[in-house]
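Input: a single structure, listed below in structure tokens.
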Amino acid sequence: MKRVRNTVDIRKVARWFLLFCLFVFLPSALWAQGVKNHNLEVAKNLEIFNALYKNLDLMYVDTLDADKVVTTGINAMLSSLDPYTEYYPEEKQKELRTMLTGKYAGIGALIRYHQRLKRVVIDEPYLDMPAQEVGLRKGDIILQIDDSVMTDKMPTYVSSHLRGEAGTTFMLKVLRPSTGKTISMKVTRQSIKMPEIPYYGMRENGVGYICLSSFTGEPAKAMRRAFLDLKKQGAEKLVLDLRGNGGGVLTECVDILNMWLPKDLKIVETKGKLKRAASEYKTRLEPIDTVMPIAVLVNQETASASEITCGALQDLKRGIIIGTRTYGKGLVQVPNVDLPYNTNLKLTTARYYLPSGRGIEMKEGIKPDVEVKPDTMSNITLYLDRLDSTEVMFDYVVDYIARHPHIAPAADFHLTDADYEDFCQRVVKAGFTYDQMSKKQMEELVKTAKFEGYYDEAKAEFEALQAKLDHHDVERDLKYRRSEIQQLLEQDIVSAYYYQAGQVQVGLRNDKVIKEAERILNNKDEYYIVVNHEQTAEKRD
């Protein structure tokens, strides 16, 4: 019996040893087999690709452009991955450097194509940049850069000639429409860096406001200066505007959050396939203010580092988020993986995770605590601002600037009734037209009614309504949409005198998102209900 019992014990041990081997060694074997199979698939497909290209190059009816064909293949491959993994051939290295630093060398001005004149013109010079320093104005027509004539060129071509190495000079010839004079000027290119904070200032009831446009450069230093200045001016509450902020450097975002969050607090972590892609980012300094109520304004163009900023404040119950759901860029890129022949790869290597552990990728984004949808632009305003072939709005602003050497401060400037009436008459005389949404919808309704057999029965009513819609009363529409059209005019005019700071101030006048933020900040009880997520707060339009 003892021998039998020992035999059973030995069998049990053998069985357990076998199970142990299965659990320990089988997964390793399967993993090794998986790696082997993967490597085999990679080698096989690379061999196929190489053989395919060789046959194309040898037998295709036309001679292949190797750079073009292979680059197309690379881009098609990368497009199947994510939107941010990009290949940069040798000729796009300058573009890559500009993207990484936010800097380029040029004159510091927006240019645009004038539809009616069929010329490239100066749209907006930037403060303290070469364009402003040499006296370029909105509306100046670019005629010549050194010996190159620009009168038949498109903006990309003109821009490539305006840009160059910092410190280099060129002769610029422009025509000023307000005087009819041709002006020649010597311009020295310099490194152009847009301000991270185009405007900050005090609003009513002790509310400070900071507009942060980017996380590239050194925005943490600029934010620290602005915030301390606002506190000196008596700020007791803060609105941080991240609308349209596409992100930038992650460490800058962490340092900005450090102003309002304690030291050694985890803000974000990254996780990827490689160990070196996994990182944890914590605050590293003593904060400035951990109690001041904060409202962050966001929209669908708020992305990447901006989303980490508002998401961390939301997770840690340090601020409220107001606006619309953010973009959803939760992927981390290594911006310059060196490839042969002076080419580069911007490569996605990891994902961001906020303090709560949630990601922010694509469809997720950051859902605001309080949703406030911005006003939509009417069709007539859209056409006047962006799609008008007569350029009547642009020309009105250029003429207004020429007639007014000075205007009131940005916060106080308004067009008079006579000014707006003058603008309306110009629009009418220019023969401005635009597509009415109601007319388009009417056409669709007629098609549907005919398809369903109702049109003949109500033909008279349809024709009567069609006749009213065909009467295109532009003057009436200009008066009906005066508020939004006039604000656009005032923003354009003010930007010529007070640059980006003035433009932001005018834009805040009728901004219902900041109004809602200020309303909640000024209601202490409601603010703490929202910041602690004690109820779902929604803004109804």
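The values are calculated or read from the model by the stated rules, or taken from the named source; none is laboratory data. Not measured: the values here are computed from a predicted model. Using ideal geometry, Cβ is built from the backbone for each residue, glycine included, and neighbour counts are taken over all protein chains shown. Ligands, DNA and RNA are excluded from the accessible area calculation, which covers all protein heavy atoms including side chains. Shrake-Rupley method; radii C 1.70, N 1.55, O 1.52, S 1.80 Å.
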*Right, residue 95: closer than 22 Å to residue 214 by Cα and either of a type in the set (Asp, Glu) or without any contact (Cβ under 8 Å) to a residue 12 or more places away in the chain (or both) or not?*
yes
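Those residues that are open to solvent by less than 70 Å² (accessible area, probe 1.4 Å) and within 24 Å of the chain's Cα centre (by Cα), I need them from the stretch 107-120; list them, please.
Taking the stretch 107-120 as the starting set, the residues that turn out to be open to solvent by less than 70 Å² (accessible area, probe 1.4 Å) are 107-109, 111-114, 117, 120.
107, 108, 109, 111, 112, 113, listed by residue number.
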*Determine which single condition residue 539 fails, assuming it passes every other condition in (1) at pLDDT 75 or above; (2) under 25 Å from the mean Cα position of the chain (by Cα); (3) more than 18 Å from residue 378 (Cα to Cα).*
(1)
_Selection from the stretch 121-164 of residues that are free of Cβ contacts under 8 Å to residues at least 12 places away in the same chain and either assigned to a strand (DSSP E or B) or open to solvent by less than 80 Å² (accessible area, probe 1.4 Å) (or both)_ = 149, 160
*For the stretch 249-265, name all the residues that are open to solvent by 10 Å² or more (accessible area, probe 1.4 Å), in contact with a strand residue (DSSP E or B) (Cβ under 7 Å, 6 or more places away or on another chain) and within 18 Å of residue 200 (Cβ to Cβ).*
252
*For residue 294, which of the numbered conditions (1) out of contact with any Ser or Thr (no Cβ under 9 Å at 6 or more places or on another chain); (2) more than 18 Å from residue 228 (Cα to Cα) fails to hold?*
(2)
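To keep it simple, each residue is scored yes or no on (1) open to solvent by less than 50 Å² (accessible area, probe 1.4 Å); (2) within 30 Å of residue 311 (Cβ to Cβ); (3) in a helix (DSSP H, G or I); (4) hydroxyl-bearing (Ser, Thr, Tyr).
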| position | (1), (2), (3), (4) |
| --- | --- |
| 360 | yes, yes, no, no |
| 365 | yes, yes, no, no |
| 376 | no, yes, no, yes |
| 380 | yes, no, yes, no |
| 390 | yes, no, no, yes |
| 400 | yes, no, yes, yes |
| 406 | no, no, no, no |
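For the stretch 376-434, which positions are among the aromatic types (Phe, Trp, Tyr) and farther than 18 Å from residue 121 by Cβ? Spell out how you get there, then give the answer.
Here is the first cut: in the stretch 376-434, the ones among the aromatic types (Phe, Trp, Tyr) are 383, 394, 396, 400, 413, 420, 423, 432, 434.
Within the stretch 376-434, 383, 413, 420, 423, 432, 434 qualify.
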*So residue 195 clears everything in (1) open to solvent by less than 50 Å² (accessible area, probe 1.4 Å); (2) assigned to a loop (DSSP other than H, G, I, E, B) except one condition, right? Which one?*
(1)
*Any strands (runs of 3 or more DSSP E) falling wholly within the stretch 205-315 and containing at least 1 residues that are within 29 Å of residue 515 (Cβ to Cβ) and in contact with an Asp or Glu (Cβ under 6 Å, 6 or more places away or on another chain)*: 207-211, 294-298
*Kindly provide the set of residues from the stretch 319-340 that are open to solvent by 50 Å² or more (accessible area, probe 1.4 Å), in a loop (DSSP other than H, G, I, E, B) and either in contact with a helix residue (DSSP H, G or I) (Cβ under 6 Å, 6 or more places away or on another chain) or of a type outside the set (Ser, Thr, Tyr) (or both), ordered by number.*
325, 340
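Listed residues 390, 349, 376, 343; which is farther than 27 Å from residue 71 by Cβ and more than 20 Å from the chain's Cα centre (by Cα)? Before the answer, list the steps.
Numbers: 349 fails: farther than 27 Å from residue 71 by Cβ; 376 fails: more than 20 Å from the chain's Cα centre (by Cα); 343 fails: farther than 27 Å from residue 71 by Cβ.
From the options 390, 349, 376, 343, the qualifying one is 390.
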_Of all residues making up the stretch 500-516, the number that are in a helix (DSSP H, G or I), more than 14 Å from residue 408 (Cβ to Cβ) and open to solvent by less than 40 Å² (accessible area, probe 1.4 Å)_ = 6
*How many residues are in a helix (DSSP H, G or I) and within 35 Å of the chain's Cα centre (by Cα) when one looks only at the stretch 59-82?*
14
_Filter the stretch 321-360 down to the residues that are at positive phi and among the hydroxyl-bearing types (Ser, Thr, Tyr) and list them by number._
341
*Would you be able to say whether some residue in the stretch 170-185 is part of a strand (DSSP E or B), more than 30 Å from residue 294 (Cα to Cα), under 29 Å from the mean Cα position of the chain (by Cα) and touching a residue at least 12 places away in the same chain (Cβ under 8 Å)?*
no
*What are the residue pairs meeting all of these: first residue in the stretch 304-322, first residue modelled with pLDDT under 95, second residue part of a loop (DSSP other than H, G, I, E, B) and crowded, with 24+ Cβ neighbours inside 10 Å, Cβ atoms under 6 Å, and 6 or more apart or on different chains?*
304/329
*Exactly one condition in (1) within 29 Å of residue 92 (Cα to Cα); (2) open to solvent by 50 Å² or more (accessible area, probe 1.4 Å) is not met by residue 178; state its number.*
(1)
*Give the residue that is nearest to the chain's Cα centre (by Cα), with candidates limited to residues of the stretch 195-239 that are farther than 19 Å from residue 498 by Cβ and of a type in the set (Gly, Ala, Ser).*
214
